[in-house]
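Data block below; observations after.
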Amino acid sequence: MILKIRFWLFAGLFLFFQLIGNAQPVSTVQFLKKLGTTDSIFSPTLNESREIYIQIPESYDSDKNRKYPVVFILDGEVFLPTVSDVHDYYSGGFMPEMVLVGISNANNRIRDLTTSTIKTKYGMPFNEENGEAENFIRFIEKELISYIENKYPVTSYRTLIGHSYGGLFTIYSLIHHPNLFANYLAIDPSMDWDDQKLTKEAEGLLATQNYKNKALFMSLSGQLHMQNPMITIDNVMQDSSDFTVFPRSNIAFSHLLEQNATNGLAFKWKFYPNDLHGTIPFPSIMDGLISVFEWFQMENTSKINSFDTSVKELIKIVKHREQKLEDHFGYYAPPYPEELLTMSGYMNMDMQQAEKAKMYFDFALEYYPENANVYVSMADYFEAQGDSVNAIKNLNKAFQLSGNNDYLKKIERLKKNAPKE
């Protein structure tokens, strides 16, 4: 990792000096990374157009009709790059590949993300338009989600991420519209809004609603008191000044969640003592996504990697994961990527474990029946076993799916080398 960082630092400096030397106008500069596609939707609910930013996984192939879970990111113009970076590093083993949808809140942010109407704040007049969270979530539920589902390759499994007022809105969604999202990342949420009104509203609902297979990650920054460094996480709840209302409101809500731990919600709260309100999104997005998708992480990897694990036990492991994913997603999903299954098959072929190799190739065929590559892999298996008849049969299927003439050439080779009867 250190070498990788050094390489990119060097590459970045090299590009920087090269650009200076060439003195190119901005319009001709070729940047290293272009992130997301800009789209927009007109909302009758909001009576305005709203920009959105879409990032689709690199593995997407329109011919394969594959769909992905989806992440909705408030303040998407700010946080989509961070979510994308975390997703790129951790998807596969720690979280599924997902479509990322950044929602712009550049305009009317306070209006849309705050959960009740106020006229004063901390004893001072508050004149900005506010308190329209219910209207904004109506836009998301009735207009944006259907727009995304009709236009992009997404499933109904959704995650919501918000920071500050966006974090407040995220928790509002969990409390008042719990069926919209499966996962919630509330980053340093402004739970102090309107004298902690949302916490008071949540008291009865958290005890009665069923949050099975739903998860909330909630964070608090280390900026506990603007003027008194003696205020720490250990004594902040004993302070009664306005300077600590923000962290005390956050902690009070976390305690309320802990008191209602039997409602099925998977909840994790984390304090970041070295981060400020403006820096906490970066570590929270990483930790939060890993946390809410903890169930997705691969299990029994030591047994899968062991030479001595039996085929019978491996089949149980694969089927257990298949059922686990279906229970959480609410729909069927292959337990492992096609590439992992075929790679495992080839590895076991190399280790002279033909039965295990066949098992992995069989699973690849079961989970990815429209993928030509799995039939090619099975053909390689049969060829290695001296079974040219079944090898040709699988190559024919691969050709039917892909139209790749290389498979026909391989079939001719197998026929030519087949033993004469």
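Please treat every number below as a calculation from the coordinates, not as lab data. Owing to the predicted nature of the structure, the values given are computational and were not obtained by experimental measurement. FYI the Cβ positions are ideal-geometry reconstructions off the backbone, even for glycines, and counts take in every protein chain you see.
At a glance:
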read-out	value
Sequence-distant residues sharing a close amide H with S43 (under 5 Å, placed H)	E48, S49, R50
Column: log10 I(q)/I(0), Debye, Cα scatterers of the chain, q = 0.06, 0.07 Å⁻¹	-0.35, -0.46
Hydrodynamic radius (Kirkwood) for the range 299-421, which is based on Cα pairs only, to one decimal in Å	15.4 Å
Counted charge near G131, where neighbours are those whose Cβ lies closer than 11 Å (Asp, Glu -1; Lys, Arg +1)	-3
Estimated vicinal HN-Hα couplings, Hz - the range 158-175 in sequence order (Karplus 6.51, -1.76, 1.60; Gly, Pro = x)	10, 10, 10, 10, x, 10, 6, 4, x, x, 4, 4, 4, 5, 4, 4, 4, 6
Highest to lowest packing among 162-175, 337-350, scored as the average C-beta count within 10 Å	162-175, 337-350
Residue-wise HN-Hα coupling along the range 286-292, computed from phi with Karplus coefficients 6.51, -1.76, 1.60 (Hz; x: Gly, Pro)	5, 5, x, 5, 5, 5, 5
Note, ³J(HN,Hα) from phi for the range 123-131, Karplus 6.51, -1.76, 1.60, rounded to Hz, x at Gly and Pro	x, 10, x, 10, 9, 6, 4, 7, x
Alpha-carbon centroid distance for the pair the range 155-172 / the range 177-199, whole angstrom	8 Å
Out-of-range pairs (alpha-carbon distance over 27 Å; input K358/K416; K268/K312; K358/K415; K64/K409; K212/K358)	K268/K312; K212/K358
DSSP bridge pairs, the range 31-296: antiparallel proportion in percent, nearest 5	30 percent
